[in-house]
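First up is the structure itself, then whatever we jot down about it.
The values are calculated or read from the model by the stated rules, or taken from the named source; none is laboratory data. Just so you know, these numbers come straight off a predicted model, no measurement behind them. Cβ placement follows ideal geometry from the backbone for every residue including glycine, while neighbour counts extend to all protein chains displayed.
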Amino acid sequence: MALQSFLKIFMPKNKIFFELFEKVANNVEKMGSLLKDVVGEPDFDKRATLIGQLEDLEHANDDLTHNLFTELGRNFITPFDREDIHYLATSLDDVADYIYAAGKKINFYRVNPNDTGLQKFAELIEKGAEQVKIAVTGLRDMKNMRGITEALVKINSIENQGDDIFDFSIEKLFENEPDAKEVIKKREIYQVMEIVTDKCEDVSNVIESIIIKYA
Amino acid sequence: MALQSFLKIFMPKNKIFFELFEKVANNVEKMGSLLKDVVGEPDFDKRATLIGQLEDLEHANDDLTHNLFTELGRNFITPFDREDIHYLATSLDDVADYIYAAGKKINFYRVNPNDTGLQKFAELIEKGAEQVKIAVTGLRDMKNMRGITEALVKINSIENQGDDIFDFSIEKLFENEPDAKEVIKKREIYQVMEIVTDKCEDVSNVIESIIIKYA
Amino acid sequence: MALQSFLKIFMPKNKIFFELFEKVANNVEKMGSLLKDVVGEPDFDKRATLIGQLEDLEHANDDLTHNLFTELGRNFITPFDREDIHYLATSLDDVADYIYAAGKKINFYRVNPNDTGLQKFAELIEKGAEQVKIAVTGLRDMKNMRGITEALVKINSIENQGDDIFDFSIEKLFENEPDAKEVIKKREIYQVMEIVTDKCEDVSNVIESIIIKYA
């Protein structure tokens, strides 16, 4: 930390990485909360409005991620290893992409979101996105290591719960849904939601590797 | 650029990277054009011949990509960052792989290519492959920055159009195709074609990152 | 090799990488053998016991992979390029994950494993896992280059055979299985098994790149 702190004095541009990552993490948290609203909204048109908000946040995150890569190309000195910055930016971008994809597919396939698997997944993703925000925000000063590691542990638990919800949902789907076309549609949405929890774990893994090196 | 130019005088082996990338990009362009021929050919056996040509080009590209990785392991000095060369080679290889996969699956699944989604995708992929060739070829001297960036902008627009064609095709498929097994087959081909446009965007992104650093 | 050998004297901690990789490769080999037992076992409950053993090995490998990443973050000097160590660890972890997934899905979907495609795939994966072990183990002293390269050639051939078995299995599936829901289930298992052979090839490719640089 000593060398890092020293460098920070001479490299105020480093702040840009923290600022961009925090904006991304804030958007991810909002998207997690919005996805739960989407799944809780019975009306197709009202859901469409919420999905439009998800899309706006996803586009905003694309721009922020693009800025992160541009800064990475431009700055010789970075607050963490370049590969970790790259991987963290990519993983957060993936979380946002798949949250938006989950919401979009519900209306696209005209699936009724009043479904145990979808409800449970949306709750889980909301929690995962909250912990992602906590972990990413903690990177700036790394003073609250306990807070960061608690968030990482929760994200790993959420990923495991995601696997269980996926298995439960797929099992019920094949048992109870006679229409194979409906099976294809719902299975795809479950898969996308399960990938969200995987991508949150990717975020967690890279943050763990960052704090091992720098803490 | 000054240091780069200086190094080039002493490191003529650097040329090998440009030569290999240009051969790959030429093959990708040919494959894009061939895929459109495949989709436009109503006769199964004549399509099989065209798909065989796709396969030959894909194998040739595998060898070229392998050569690129070997050169990367062998050369200490490279014209761009090692990670960018690796990523560009991988992305171009993916474009070729998925174009071939798209063609192959049409005959494998005995799908009738006289289908609006398949036709639109094939036209789009042909255009994408052309722009990939322009962007990759421009890397050698980087004199025509405007030409490169125009190609990158077009590739990004093609990726967006790919998403729209995919959504349109899937929506029609679920509406109009009563046989779930046919839904599975065509959906897979649409997915592969959509991935081609994603992989073209990966090529575009790494080229953008290269020109930001070196231009 | 001279510099490498010199460093090894002063950096005995380097051994940790070889030890961890060998443990992972041993587990992968066991898992390949177990998957063949799973597919050969007609009784659901007895299969469940074998799948439980696969799960234990997969968890053990997760821990080993995690240790590898921790060592990579901790050690400045590594026996190969850091990116190669990272990629090798990731690829081996993927092989283990997908072998376990293949076994798990057989009981999860209550699929009868007495199926030509599943049988052929399990035999192929067992062979692939054996060759992976040989190639990884050879990295420690690199004295038996011929043994390593023979293993790599076999893995590449296994990946090609995997593609053929996949195509054969999918073709039969669409021809003979009238229930689209069954098509979805079996197709997913074939896909996972085919990915195992792809991931073995990833292992092979990174080992090839390591021996090109260091041999």
Residues (over 21 Å from the mean Cα position of the chain (by Cα) and away from chain C (no Cβ under 14 Å)) located in the range B:94-141: B:Asn112, B:Asn114, B:Asp115, B:Thr116, B:Asp141
- prompt: Counting only residues that are touching a residue at least 12 places away in the same chain (Cβ under 8 Å) and within 14 Å of chain C (Cβ to nearest Cβ), which one in the range B:183-194 is farthest from the chain's Cα centre (by Cα)?
  reply: B:Lys185
Condition met for B:Ala215 (away from chain C (no Cβ under 14 Å) and either modelled with pLDDT of 95 or more or under 24 Å from A:Lys185 (Cα atoms) (or both)): no
- prompt: Just checking, which of A:Asp43, A:Asp115, A:Asp81 is of a type in the set (D, E, K, R), surrounded by fewer than 18 Cβ atoms within 10 Å (Cβ to Cβ) and either touching a Phe, Trp or Tyr at 6+ places or on another chain (Cβ under 6 Å) or touching a residue at least 60 places away in the same chain (Cβ under 8 Å) (or both)?
  reply: A:Asp81
- prompt: In the range A:129-143, what residues are part of a loop (DSSP other than H, G, I, E, B) and buried (at least 20 other Cβ atoms within 10 Å of the Cβ)?
  reply: A:Leu139
Single condition C:Tyr109 does not satisfy, out of (1) in contact with a Phe, Trp or Tyr (Cβ under 8 Å, 6 or more places away or on another chain); (2) under 30 Å from C:Lys213 (Cβ atoms): (2)
message: Of all residues being within 11 Å of chain C (Cβ to nearest Cβ) and within 27 Å of the chain's Cα centre (by Cα) in the range A:170-181, which is surrounded by the most Cβ atoms within 10 Å (Cβ to Cβ)? Just the residue, please.
response: A:Ile170
- prompt: So C:Val203 fits all but one of (1) within 12 Å of chain B (Cβ to nearest Cβ); (2) assigned to a helix (DSSP H, G or I); what number is the exception?
  reply: (1)
Close pairs from the range B:195-210: first under 17 Å from B:Arg82 (Cβ atoms), partner among the acidic types (Asp, Glu), Cβ under 6 Å, at least 6 apart: B:Val206/B:Asp84; B:Ile210/B:Asp84
- line: Here the residues within the range C:109-128 that are farther than 25 Å from C:Ser91 by Cα and part of a helix (DSSP H, G or I) are C:Thr116
- prompt: Does B:Asn156 satisfy being in contact (Cβ under 8 Å) with a residue 24 or more places away in the chain and either within 14 Å of chain C (Cβ to nearest Cβ) or outside any helix (DSSP H, G or I) (or both)?
  reply: no
query: What is the residue count in the range C:59-78 for residues that are more than 12 Å from chain A (Cβ to nearest Cβ), surrounded by 14 or more Cβ atoms within 10 Å (Cβ to Cβ) and over 13 Å from C:Ile16 (Cβ atoms)?
result: 2
- request: Determine whether C:Glu208 is more than 23 Å from A:Ala180 (Cβ to Cβ) and within 12 Å of chain B (Cβ to nearest Cβ).
  value: yes
query: With respect to B:Asp167, is the statement that it is closer than 26 Å to A:Asp97 by Cβ, away from chain C (no Cβ under 14 Å) and free of Cβ contacts under 8 Å to residues at least 24 places away in the same chain true?
result: yes
